[in-house]
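The values are calculated or read from the model by the stated rules, or taken from the named source; none is laboratory data. Given the structure is predicted, the values throughout are model-derived calculations rather than measurements. We place every Cβ from the backbone using ideal geometry, glycine too, and count neighbours over all the protein chains shown.
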Amino acid sequence: MPAMLEAIRAAARPVALTGAGISAPSGVPTFQTRWRGRPIRDFLGREFCQNDPVGFFEVYCAMEAWCGAPPNAAHLALASHQVPVITQNIDGLHQKAGSGKVIELHGNLRKIYCRACGIETSAAALCADLRPLYAAGNHAAVLRRLACACGGRLDGDVVLYGDAVRGMDEAMALLDGCDLFVVIGTTLTTYPAAMLPDYARRRGARLMMEDRDCVAALTEQEKDAKV
Ligand SMILES: [Zn+2]
């Protein structure tokens with residue numbers, strides 16, 4: 001059995017931090033994926049979203065299609081062992097795998113809300129309406145669809161560059177009582193998530209990291225399964 005899986009089974013209160021690497025085997029692209037010749041992350045700034053909502057939601061709807069990916073064995077392993085998850089991912093695959101506790105530091109692609117009145121709606125429904133409008137080049141209709149009945153403008157529930165990360169207090173509270181912190185599929189280049197491993201270690205948690213083969217780290221090999 002992989003050491004990480006064994007440690008999760010032995011731990012009293014394990015917690016996981018996950019990043020893009022855990023969703024890659026599901027076929028979810030990363031922010032390095034190119035869009036119109038540039039990394040998609042270049043389009044995910046708050047300023048761009050505010051100045052060019054038509055351009056922004058075209059990228060958003062391309063990303064919303066990622067939510068259709070299936071969870072893989074690594075997501076399923078964390079869910080079946082009931083490991084609370086802190087994630088940098090916005091694809092919703094942990095919830096789809098059945099994880100009960102998921103803190104989404106960077107928000108999610110599923111929800112759309114109005115900046116003025118706060119009403120929530122589904123991104124899948126919005127993007128289903130928008131895609132044909134983009135295909136037809138009807139940008140005036142796109143803008144009309146992005147207007148809420150209250151007069152405000154619809155916005156994605158994703159944390160953009162320039163926004164504050166969410167749920168850090170909740171994430172740290174989770175780590176206060178944890179005895180094993182597994183860091184999966186992230187090279188921890190993004191702050192403040194990158195400070196969480198040190199935070200957990202200072203509180204006495206054992207730290208394990210895997211940023212390459214997330215599925216192998218969390219699933220039993222066939223020869224072990226027979227034992
Ligand atoms: Zn509204």
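Scan the range 19-34 for residues that are in contact with a strand residue (DSSP E or B) (Cβ under 8 Å, 6 or more places away or on another chain), within 15 Å of A216 (Cα to Cα) and not small (G, A, S) and the total you get is 1.
Being touching a Leu at 6+ places or on another chain (Cβ under 6 Å) and not assigned by TED's automatic domain parsing to the domain that holds L146 is the requirement here; does A97 meet it? Write out each step before concluding.
Numbers: touching a Leu at 6+ places or on another chain (Cβ under 6 Å): yes; not assigned by TED's automatic domain parsing to the domain that holds L146: yes.
When the stated conditions are applied, A97 passes them.
Condition check ((1) more than 16 Å from the ligand (Cβ to nearest atom); (2) surrounded by 13 or more Cβ atoms within 10 Å (Cβ to Cβ)) across all residues:
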site	(1), (2)
I112	no, yes
C117	no, no
T121	no, yes
A136	yes, no
V142	yes, yes
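Taking the residues in the range 52-75 that are in contact (Cβ under 8 Å) with a residue 24 or more places away in the chain and among the acidic types (D, E) as candidates, determine which candidate is surrounded by the fewest Cβ atoms within 10 Å (Cβ to Cβ). Filtering the range 52-75 for residues that are in contact (Cβ under 8 Å) with a residue 24 or more places away in the chain and among the acidic types (D, E), the one surrounded by the fewest Cβ atoms within 10 Å (Cβ to Cβ) comes out as E58.
For the range 153-183, taking the residues that are small (G, A, S) and surrounded by fewer than 16 Cβ atoms within 10 Å (Cβ to Cβ), the one that is farthest from E210 (Cα to Cα) is identified as G162. When the range 26-51 is filtered for residues that are part of a loop (DSSP other than H, G, I, E, B) and free of Cβ contacts under 8 Å to residues at least 24 places away in the same chain, the ones remaining, listed by number, are T30, F31, Q32, T33, R36, G37. Taking first residues from the range 103-115 that are on the phi > 0 side of the Ramachandran plot and partners that are in a strand (DSSP E or B) and within 16 Å of the ligand (Cβ to nearest atom), the Cβ contacts under 9 Å between residues at least 6 apart in sequence or on separate chains come to G107/G156; G107/D157.
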